[in-house]
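Working notes, structure below.
The values are calculated or read from the model by the stated rules, or taken from the named source; none is laboratory data. Keep in mind that what you see is a predicted model, and the values were worked out from it rather than measured. So basically every Cβ, Gly included, is an ideal-geometry build from the backbone, and we count neighbours across all protein chains shown. All accessible areas refer to the heavy atoms of the entire protein, side chains included, with ligands and DNA or RNA removed. Shrake-Rupley method; radii C 1.70, N 1.55, O 1.52, S 1.80 Å.
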Amino acid sequence: MVSDTKYVYAFGGGTAEGSAADKALLGGKGANLAEMSRLGIPVPPGFTLTTEACLYFQRHDGEYPPSLAEEVDDHLKRLEELQERSFGNPEKPLLLSVRSGAPISMPGMMDTVLNLGLDGRVLEAQKNAGDGRFVRDAYRRLLTMYGDVVMEVPHRRFEKVLAAARAAAAVADDGALPPAALDGVISAFEALIAESAGRPFPQDPMEQLWGGIRAVFASWDNQRARDYRRLNGIPGTMGTGVNVQAMVFGNGGDDCATGVAFTRNPATGAPGLYGEYLVNAQGEDVVAGIRTPKPIEGTAAGGGMAERFAEATAELKAVCERLEGHYREMQDVEFTIEHGRLYMLQTRTGKRTGPAAVRIAVEMVGEERISPATALKRVEPEHLEQMLAPDFDQNEKARAVAEGKRLAEGLPAGPGAASGRIALSADRAAAMAADGPVLLVREETSPEDIVGMHASSGIVTSRGGMTSHAAVVARGMGKPCIVGASELHVDEESGEVRVAGQVLREGDDLSIDGTTGEIFAGGLAPRESDVLAALTGAGPDTEAARAFRKVLEWSDGVRRMRVRANADTPEDAIRARAFGAEGIGLCRTEHMFFEEDRIPRVRRMILATSAEERRAPLEELLPVQQSDFEGIFEAMAGLPVTVRLLDPPLHEFLPHGEKALAELAGDMGIDASEVAAKAESLREVNPMLGHRGCRLGATAPEIYDMQAEAIARAACVRRRAGDDVQPEIMIPLAGTSEELSRLRERTVAVIERVQQEEGVEVPILVGTMIEIPRAALVARDIAAHADFFSFGTNDLTQMTFGFSRDDIGSFLPQYLEQGLLPFDPFMRIDETGVGSLVRTACAQGREAKAHLHLGVCGEHGGEPHSIAFFERVGLDYVSCSPYRLPIARLAAARAVLAAREESLPEGE
Ligand code: PEP
Ligand code: MG
């Protein structure tokens, strides 16, 4: 057990003071370094400053806890003894790295400073004692990293000096710069830092160390980190750890290397080590994409890591297998080989694409490493969403290739197809995204590009590998992404991308296939995924589709809530069933009114001046509606179908504009001015609060009568045909119990009359939507007249916030930016406000009727956070669009598992 006042924890040398269980205290990186040390895996030793030290620093305006300096000194002493080297000692210098590590992996903060402990004296002594080139190179790297992240000298200014040095020495690679050239670079870097930062690079190693620690703690609260936390819902109260670790060198010669690896393929989920390495390089060379790394397994032409590093490669494989077995989870590791000896620098849960997540989860259950419940916790609803994401039609792609439109190929870093206009900076991407899809095209990305990446439909970089920033972040966001497309010459300044002899400009259309890595000129149309096709029966079954279904099968075994679909037509209903719908939660009958053969009758019904006049068009509409319902009941035989009576204001059904109104008058043989006057009288300024929903039913009851009759007759027809029909009639927008009681009475009377006439009895429930705040507040009274409630959270959100459903776009971006809203409440339920009304209505409703059936049919019914909320309030079902059903099924299961976890100690 760890005490509150201890701020520094040691790891390495075969032991550790912390473990993987201490993520909150030590950060992910620190906790896993400790765990690896405990497992006896070779880890360079070091120590971790806790997240509590960071929070203290934040709360005390940059002051450290009083005991921290002494604790750091003690741990440094231990490290010196272990390594038999001393920090700042010119003869036997101990060099250190400083890295951040929050409890949740978080780009945006200061990342790494390497080689701390080098200064002028150490440099001079080592130039003569050891490898003169190596120590110079290490010092110039320290100057760059420290200058950039601690002293805030822009990175590109260092790059410029280096580029000039390479040109002067006529070498392509920094690693080939001769010692004399490096001396020149070092002097130029020192001068650059002194001039830009207004103070020289610190020559006291302890000052360097504390400078690094301070930069990590301070970066917890920088703008980029705050942006990242906001976008990902990470609380600002966690803090970050700081890991101080003895350096090992992957750049000490040709018997050294550095690399990153996944224990399974992060793009496809295929088993086996998957990674990249660079000979004679330091870690940041791989991640920054400065040199393009080679695959560890090599290619058909060879070049695998084992050719040069047989022992270290075998050990890496063994360590990775051990780590995966230990964590029972796919790991993402960083390693260094120093003179043939392997060191592990990091292990963490590997980020993965949707298809990989599903495959890994299913296969790990098959390998008996995890239970199906754990598998469900690891597959995010977004992963399924990604698998249903569009790709390009193969023929269209072939045509584009034949037409010479395939411009380049890069590494397939994030699957899925996207097309959009080119934006060359993150800011431009964010601005352009308001007018339609955008592809962000850059040399490489960095944490400050996060907001622009979020706004883009896809991301392309000309540099970098599968583990570059762009690749990692895009996969996390589930966006199509291609990296390392080196044929692309991206020139942000001139606003051009040159590729394959062509010049593309910002704003031009581009298409990318992130699954294959191909880049095309022009806007190819993305199309539905193979998994989707397999699920709907439109395409052949595949391994991926089978794994997808397995996840859904497990979900169905765990979830408590039912899932229904919002579907308006028999075709929608058939699709919904294919996606696992257990009923229809909302059939919006008005959608049937818009079809060409119906709309004239609907308009005649609307323009009628009396109930008498309305009868004829209603009589014509009745059989049409009835046949729609018959189709839906047939498709959903054995399952409930909630049909909502007419909801929108009638003016929505009239044509817009004078010409169209005049045409309508002509068709109907009425005076044009009469039609115009009627349209004017129906026009509403804010129709969402006007003459709609059950207000129509109350003032023109013949319409609801017709619909109730159509439903009841359709039910009788299908019942006679042998189907088990379970219709539910839903009355929208009720705000008072009187509205509901009257309309219910009328509806029940129609049903009884029809069933008598038809000589068939089919139970038909009559319920209401809860979508007006008042209805939620008086739900007890309303429940007396309802067989069920279905929460219309779209309208309920609109009316609770007083935000118009159609206008929120005009101010939402600024509200989100300013933190006035944490998210769009029309997408994700506002639990505190709107949710409180839902809770009230559920409690009152069930008080009045213990078995009152409760569901939700607003857009929130398909959104995972909201689904978790609906699970907690105890709804019986959620209803969402057919395509979101797989997501809802998984989210409903995960909500159950999360609720169970809250009431259980840690574990599966
Ligand atoms: C709702 O308001 O949540 C709802 C489902 O109805 P509509 O979106 O049709 O208003
Ligand atoms: Mg509504």
- prompt: Relative to the present Cα-Cα distance, how much length would full extension add between residue 214 and residue 491 at 0.36 nm per residue of separation?
  reply: 96.2 nm
statement: If the chain between residue 172 and residue 367 were fully extended at 0.36 nm per residue, the gain over the current Cα-Cα distance would be 65.5 nm
Note, ³J(HN,Hα) from phi for the stretch 28-37, Karplus 6.51, -1.76, 1.60, rounded to Hz, x at Gly and Pro: x, 5, x, 5, 6, 5, 4, 4, 4, 4
query: Ignoring ligands, DNA and RNA, what accessible area per residue does the chain give at 1.4 Å, in Å²?
result: 41 Å²
field: Whole-percent carbon and sulfur share, accessible surface of the chain, 1.4 Å
entry: 50 percent
message: Can you compute the modelled spin-label distance between residue 533 and residue 699, with each label point 7 Å from Cα toward Cβ, in nm?
response: 5.1 nm
message: Suppose we keep just the DSSP beta bridges with both residues in the stretch 507-651; what percent of those would be antiparallel, to 5?
response: 45 percent
message: Out of all DSSP beta bridges in the chain, what portion is antiparallel? Express it as a percent rounded to 5.
response: 65 percent
- request: Please check which bits of the stretch 344-358 a label hung off residue 311 would reach, taking the label as a point 7 Å along Cα-to-C-beta and the cut-off as backbone N under 20 Å.
  value: 344-345
- prompt: So how tilted is helix 672-682 from the main axis of the chain? Cα-based, degrees 0 to 90, rounded to 10.
  reply: 60 degrees
message: Roughly how far apart, in whole Å, are the Cα centres of the stretch 527-588 and the stretch 182-225?
response: 56 Å
message: Rounded to two decimal places and with Rh computed the Kirkwood way over Cα pairs, what is Rg over Rh for the stretch 1-85?
response: 0.98
query: Under the Kirkwood approximation applied to all pairs of distinct alpha-carbon atoms, what is the hydrodynamic radius of the stretch 710-753 in Å?
result: 11.8 Å
statement: Loop-resident GluC sites (Glu not before Pro) in the stretch 1-91 with no more than 11 other Cβ atoms inside 10 Å, DSSP not H/G/I/E/B, are 63, 84, 91
Kirkwood estimate for the stretch 292-377, i.e. one over the average of 1/r between Cα atoms, Å: 14.5 Å
message: Normalised by the empirical 2.2 N^0.38 Å for globular proteins, what value does the Cα Rg of the chain take?
response: 1.11
- request: Return P(r) of the stretch 602-679 (all Cα-Cα pairs; 10 Å bins starting at 0; whole %; ordered from short to long distances).
  value: 16, 39, 27, 14, 4, 0
message: Using a Förster radius of 60 Å, what is the FRET efficiency between residue 832 and residue 409 based on their Cβ-Cβ separation? Nearest 0.05, please.
response: 0.75
- prompt: Can you work out the FRET efficiency for the pair residue 509 and residue 816, with r the C-beta to C-beta distance and R0 = 41 Å, to the nearest 0.05?
  reply: 0.90
message: As a quick test, which of the pairs 160/351; 317/550; 23/160; 351/397; 479/550; 127/317 have an alpha carbon distance above 32 angstrom in this structure?
response: 160/351; 23/160; 127/317
- request: Let me have the 222 nm mean residue ellipticity of the chain computed from DSSP H runs of 4+ only, each contributing -39500 (n - 2.57), with the sum over all residues rounded to the nearest 500.
  value: -14000 deg cm²/dmol
message: I need the calculated FRET efficiency for the pair residue 741 and residue 900, taking r as the beta carbon distance and R₀ as 30 Å, to the nearest 0.05.
response: 0.15
field: Per-selection Kirkwood Rh - the stretch 337-487 (Cα, Å, 1 d.p.)
entry: 17.1 Å
query: Between rounded, prolate and oblate, where does the stretch 768-892 land on the alpha carbon gyration tensor, with a ≥ b ≥ c its root eigenvalues, rounded for a/c under 1.5, else prolate if a/b exceeds b/c?
result: oblate
query: What distance in nm separates the simple spin-label points at residue 865 and residue 67, each placed 7 Å from Cα in the Cβ direction?
result: 3.8 nm
- prompt: Can you give me the pair-distance distribution of the stretch 337-397, C-alpha pairs, 10 Å bins, whole percents?
  reply: 18, 33, 23, 19, 7, 0
statement: Counting only protein heavy atoms and leaving out ligands, DNA and RNA, the solvent-accessible surface of residue 457 at a 1.4 Å probe, in Å² to the nearest 10, equals 40 Å²
query: Rounded, prolate or oblate: which one fits the stretch 397-485, using the alpha carbon gyration tensor with axes a ≥ b ≥ c (rounded when a/c is under 1.5, else prolate when a/b beats b/c, else oblate)?
result: oblate
- line: Under the rule rounded for a/c under 1.5, else prolate if a/b exceeds b/c, else oblate, using alpha carbon gyration tensor axes a ≥ b ≥ c, the stretch 213-355 is classed as prolate
field: Paired Rg and Dmax values of the stretch 1-158, which use every Cα atom, in angstrom
entry: 16.7, 48
message: Output the 0 to 90 degree angle, nearest 10, between the alpha-carbon long axis of helix 611-635 and the longest principal axis computed from the alpha carbons of the chain.
response: 50 degrees
statement: Note: residue 676 to residue 231 extended length (0.36 nm per residue) minus current alpha-carbon separation gives 155.3 nm
field: Angle in degrees between helix 543-558 and the longest Cα principal axis of the chain, rounded to the nearest 10
entry: 70 degrees
statement: From the Cα centre of the stretch 812-882 to that of the stretch 162-177, the distance in Å is 60 Å
task: Taking H placed 1.01 Å from N in the peptide plane, check which residues at least 5 places from residue 416 or on another chain put their amide H under 5 Å from its amide H.
output: 514, 515
message: When the expected Rg is taken as 2.2 N^0.38 Å, what fraction or multiple of it is the alpha-carbon Rg of the stretch 1-46?
response: 1.02
- prompt: Using a basic spin-label model with each label point 7 Å from the Cα along Cα→Cβ, how many nm lie between residue 721 and residue 199?
  reply: 8.3 nm
query: What is the Cα radius of gyration of the stretch 692-835 over 2.2 N^0.38 Å, N being its residue count?
result: 1.29
